[in-house]
Amino acid sequence: MNNDEVAQVKNLGRYQLNSFVIRWELTRFCNYSCDFCVQGSHESHLKAFQSESGERRKMIAASIARYIERFIPASKIVEISLIGGEITALPDFKDSLAEIVNCIFRGIIIIRITTNFSRPSRYFSDLFELFHGRSDRALFVSASFYRRYTAPGAFGKKLRALFEETDKPVKRYFRLRQRLLSFIPGRKPFFKNWQNVFISVGWPILDDDSYQDFRQFQKDYGRYARQVFPIIIRNYPVALSDSIRAALKTNGASGSPAGNSLEVKLADGRKMYFSNMQNLGNHISDAGKFCPYGYLCDAGCNSMSIAPDGRVLRCPTIDAPDDFYLGNITDDSFRLLDKSAVCHSGHCSCNSFKTIRKK
């Protein structure tokens, strides 16, 4: 597609929710060492972790909570993605989560966490308790399966046990979406007085065998999760037969780390959709990329990405230009941009922004 044709790009889910988006990378440490990890080698995880501090994370969590309380209007829905590394491997993760959940904010906060699900069921049950009885908070857990470290049956049993504790999240999820998407300015959507926890499962597709395992798991345990979806790992040489690639294109899959597709409105009124599945082949390093260089983007106005040391970027682009750094969240004088800015990134495939438009 010719970038000159682009009129606008939107992430529809975020656009409809009228949300403020925060992406916080708590740690680069992970207790797994997957050969397809997009974050690098296990040695690099450990090296990065040595520079991190529990006290620093505590300061960042408190600063995020205070920022929400002071600067975000209650009419917006706050969406916070907590990512790593493996965030549940941190001994202080629950404290960081509680700081945000319990902040004094009259609006709705949706927290999303990504985990390898290595912790025991009891650990996740304790996290879920933070949301029990809250009408204005929700937790979305994305649990990723890695066959090198666990068996599908054991993974499924843990999912089933937690499902019983979260009161059948599949039915509640659809009721929740119906309320959120019927948002009317001036009226806030709401949650019932239940434990607002929703679990989905991501399954890396590396070869035909992993795809067949995914299909079997989907059949056996799909009813215990909001969604069981296949993941295509970016920059990893997946070995898939033509029939499996065709099946993935038909059924859909998420790309890592890009996420869901973006709607692109062209100048002549046509619409196109970008996603990692669009160009799926034996190698997908360039799949789903969109070049926003030179366009106005509101990342940094209604969203921010926070590094483990507290630095704030407009969005989590790879090799961010200097003008993407906005300050540090722990600095009391920190403020986001008050208007859209020109993007200087070579490509964008994340969903951390809401709108890109011509100058």
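The values are calculated or read from the model by the stated rules, or taken from the named source; none is laboratory data. Just so it is clear, the structure is predicted and the values come from calculations on it, not from any experiment. Heads up, the Cβs are rebuilt from the backbone with ideal geometry, glycines too, and the neighbour counts pull from every protein chain shown. Calculation scope for accessible area: heavy atoms of the full protein, side chains included, ligands and nucleic acids excluded. Shrake-Rupley method; radii C 1.70, N 1.55, O 1.52, S 1.80 Å.
Below are the figures for this structure:
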{"quantity": "Accessible heavy-atom area order of H132, H344, highest first, probe of 1.4 Å", "calculated": "H132, H344"}
{"quantity": "Peptides 198-206, 293-301 ordered by average Cβ neighbours within 10 Å, highest first", "calculated": "198-206, 293-301"}
{"quantity": "Protection-proxy order for peptides 54-66, 82-94, 324-336, each taking the mean of Cβ atoms within 10 Å per residue, highest first", "calculated": "82-94, 54-66, 324-336"}
{"quantity": "Candidate residues R148, R23: accessible-area rank, largest first, probe 1.4 Å", "calculated": "R148, R23"}
